[in-house]
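Undergrad: Can you read through this structure? Questions will come right after.
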């Protein structure tokens, strides 16, 4: 069980500005090492209710060695979560005492980097899908209010249903990730 209850907030128009400030600091620290810096996750989708946690995706040429980005991110106070079980990214959290932030470092062009961008872009252009996703998140947040890990796991089937439709949409429109957000 986790100490913070799962709560979905109404969309906050400040989220993009929060991302922009974080991205500017990260861009200054990483320079060209960060091939892309993108706002991902629910706070990146205008109008979508979300846990008020800004997700930042940094795309790098390679995850190893970490010397190209780890010192820069830790100098900004981000804390590397070595125990993260997802091996396709390096995961960092906000500096102590700062607003909750998730930083996902992924290899540029990788499947999981593109997954996050496609999911975001599809929800941005599909209001019905966005509303369906928000309803599901709110229901699951009620059910798993005191168990964040169970909430995340329970969202899995919904996310996979959406990404299947996003994939079809991507083929129809010739989707490709647009320019980096920062």
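Undergrad: Give just the number: which of (1) in contact (Cβ under 8 Å) with a residue 60 or more places away in the chain; (2) assigned to a helix (DSSP H, G or I); (3) touching a helix residue (DSSP H, G or I) at 6+ places or on another chain (Cβ under 8 Å); (4) farther than 23 Å from residue 8 by Cβ does residue 182 not satisfy?
TA: Of (1) in contact (Cβ under 8 Å) with a residue 60 or more places away in the chain; (2) assigned to a helix (DSSP H, G or I); (3) touching a helix residue (DSSP H, G or I) at 6+ places or on another chain (Cβ under 8 Å); (4) farther than 23 Å from residue 8 by Cβ, only one is false for residue 182: (2).
Undergrad: Looking at the stretch 1-24, I want the residues that are farther than 17 Å from residue 181 by Cβ and have a partner that is modelled with pLDDT under 95 with Cβ atoms under 6 Å, at least 6 apart or on another chain. Which pairs are those?
TA: 2/148; 6/148
Undergrad: Can you run down the residue pairs with Cβ atoms below 9 Å, 6 or more apart or on separate chains, where the first is in the stretch 148-171 and touching a residue at least 60 places away in the same chain (Cβ under 8 Å) and on the phi < 0 side of the Ramachandran plot and the partner is surrounded by fewer than 14 Cβ atoms within 10 Å (Cβ to Cβ) and assigned to a helix (DSSP H, G or I)?
TA: Short answer, once both residue conditions are applied: 151/143.
Undergrad: Still on this structure: Filter the stretch 47-85 down to residues that are in contact (Cβ under 8 Å) with a residue 40 or more places away in the chain, part of a strand (DSSP E or B) and closer than 23 Å to residue 109 by Cβ, then give me how many there are.
TA: 6
Undergrad: In addition: Is it the case that residue 90 is touching a helix residue (DSSP H, G or I) at 6+ places or on another chain (Cβ under 8 Å) and either buried (at least 17 other Cβ atoms within 10 Å of the Cβ) or in a strand (DSSP E or B) (or both)? Step through it out loud before you land on a result.
TA: Values: touching a helix residue (DSSP H, G or I) at 6+ places or on another chain (Cβ under 8 Å): yes; either buried (at least 17 other Cβ atoms within 10 Å of the Cβ) or in a strand (DSSP E or B) (or both): yes.
Here the answer is yes, as residue 90 does meet what is asked.
Undergrad: Could you figure out which of (1) under 24 Å from residue 10 (Cβ atoms); (2) modelled with pLDDT of 95 or more isn't true of residue 148?
TA: (2)
The values are calculated or read from the model by the stated rules, or taken from the named source; none is laboratory data. In this text the structure is predicted, and so the values were computed from the model without any measurement. No Cβ is skipped: glycine too gets one built from the backbone with ideal geometry, and neighbour counts run over all protein chains shown.
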